[in-house]
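Data block below; observations after.
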Amino acid sequence: MKTVTLSTLQAVKRAGETFSCLTAYDATFAHAAGEAGIEVLLVGDSLGMVLQGHSSTLPVTLDDVCYHTRCVARGKGASLLMVDLPFMSNATTARLLEDAGALMRAGAEMVKVEGEAWMADGIRELSRRGVPVCAHLGLTPQAVHRLGGYKVQGRDAEQAGRILEDARALVEAGASMILLECVPASLGRAVTEALEVPVIGIGAGADTDGQILVMHDVLGITAGHTPRFVKNFMAEADDIQGAFRRYHEDVKARRFPAAEHAF
Ligand code: KIV
């Protein structure tokens, strides 16, 4: 695979094609995912749950994310490396810039931040300084206590309209990508069609420009409840490399997600 950049993903969108994304937390798995053709790797703050055993992403620190970013950056090959800004990095614009700087120095090529239209100023300042930003909307796990649990967002017309307007405002402010988590497939499609930037979905239906899953879910080793949008690709593969390849190929062919994975 040729080195993946933001321009690569923009071209994929323009061509009406799709790209695959997967979380990664260390060099070995990052290498395996890159070899399988996966275009974007995310050092997600999901590491708090799947690596550290917490019940949410809130305890994850900037140091934790920087450590895993350095590990993934050493193994990743040609994939684009996106990294999560942890809980409260968006407390002030000054802190946002400091924390994003630390992630970029650790090897991030794009940062992801949770928050609605109120994040516009912070995203504008990051973008001005050359930091590409992916804005995470819909179910934002850092707000799990405000949301009252890990629930589908944007089910009614008013909520859906607000998510679409938030996405437009953040792109207008400079966001280079949008990630939509756990929203109805119809909203995933509407946001993707309305924006010029690539939209990645997780539980957002089949029509977004990219798809992302947590690596442990792809390998079928997540403890506890399995969300509807998850598929265990290990069940159809002989080894980890095969499961990553199958996931990548199914995303590219729009075989995944199927209707049963959507809301
Ligand atoms: O932290 C993470 O892994 C994420 C994905 C679920 C998109 O944000």
request  = Considering only region 104-116, state which residues are away from the ligand (no atom under 16 Å from the Cβ) and closer than 8 Å to residue 136 by Cα.
outcome  = none
key: Qualifying residue in region 224-240 (condition: out of contact with any strand residue (DSSP E or B) (no Cβ under 6 Å at 6 or more places or on another chain), surrounded by fewer than 23 Cβ atoms within 10 Å (Cβ to Cβ), hydroxyl-bearing (Ser, Thr, Tyr) and not in a helix (DSSP H, G or I))   = yes
remark   = Screening 144, 152 for residues that are β-branched (Val, Ile, Thr) and farther than 23 Å from residue 192 by Cβ leaves only 144
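Picking from 60, 72, 40, which residue would you name as being of a type in the set (A, V, I, L, M, F, W, C), near the ligand (Cβ under 10 Å from one of its atoms) and modelled with pLDDT of 95 or more?
On the way: 72 fails: near the ligand (Cβ under 10 Å from one of its atoms); 40 fails: near the ligand (Cβ under 10 Å from one of its atoms).
Being of a type in the set (A, V, I, L, M, F, W, C), near the ligand (Cβ under 10 Å from one of its atoms) and modelled with pLDDT of 95 or more holds for just one of 60, 72, 40, which is 60.
Residue 203 - would you say it is at positive phi, within 14 Å of the ligand (Cβ to nearest atom) and surrounded by 23 or more Cβ atoms within 10 Å (Cβ to Cβ)?
Numbers: at positive phi: yes; within 14 Å of the ligand (Cβ to nearest atom): yes; surrounded by 23 or more Cβ atoms within 10 Å (Cβ to Cβ): yes.
Taking the combined requirement at face value, the residue satisfies it.
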remark   = Scanning region 178-200 for residues that are crowded, with 19+ Cβ neighbours inside 10 Å, of a type in the set (A, V, I, L, M, F, W, C) and away from the ligand (no atom under 12 Å from the Cβ) gives 183, 185, 187, 190, 191, 195, 197, 199
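Got a sec? Which of 148, 77, 122, 101 is surrounded by 18 or more Cβ atoms within 10 Å (Cβ to Cβ), away from the ligand (no atom under 16 Å from the Cβ) and over 13 Å from the mean Cα position of the chain (by Cα)?
Numbers: 148 fails: surrounded by 18 or more Cβ atoms within 10 Å (Cβ to Cβ); 77 fails: surrounded by 18 or more Cβ atoms within 10 Å (Cβ to Cβ); 101 fails: surrounded by 18 or more Cβ atoms within 10 Å (Cβ to Cβ).
When all the criteria are applied, what remains is 122.
Within region 136-145, identify whether any single residue is farther than 18 Å from residue 91 by Cα and surrounded by fewer than 21 Cβ atoms within 10 Å (Cβ to Cβ), and answer yes or no. Walk me through it before giving the result.
So the first thing to find is which residues in region 136-145 are farther than 18 Å from residue 91 by Cα, and the list is 138-139.
Filter once more, keeping what is surrounded by fewer than 21 Cβ atoms within 10 Å (Cβ to Cβ): none.
Checked region 136-145: no residue is farther than 18 Å from residue 91 by Cα and surrounded by fewer than 21 Cβ atoms within 10 Å (Cβ to Cβ).
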inquiry  = Given the condition crowded, with 22+ Cβ neighbours inside 10 Å, touching a Lys or Arg at 6+ places or on another chain (Cβ under 9 Å) and in a loop (DSSP other than H, G, I, E, B), answer yes or no: does some residue in region 207-220 qualify?
reply    = yes
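Check region 32-48 and report whether any residue there is farther than 20 Å from residue 212 by Cα and not polar (S, T, N, Q).
Taking region 32-48 as the starting set, the residues that turn out to be farther than 20 Å from residue 212 by Cα are none.
No, region 32-48 has no match at all.
The values are calculated or read from the model by the stated rules, or taken from the named source; none is laboratory data. Values in this document were obtained by computation on a predicted structure and should not be read as measured data. With ideal geometry, Cβ positions are generated from the backbone for all residues, glycine too; neighbour counts draw on all protein chains shown.
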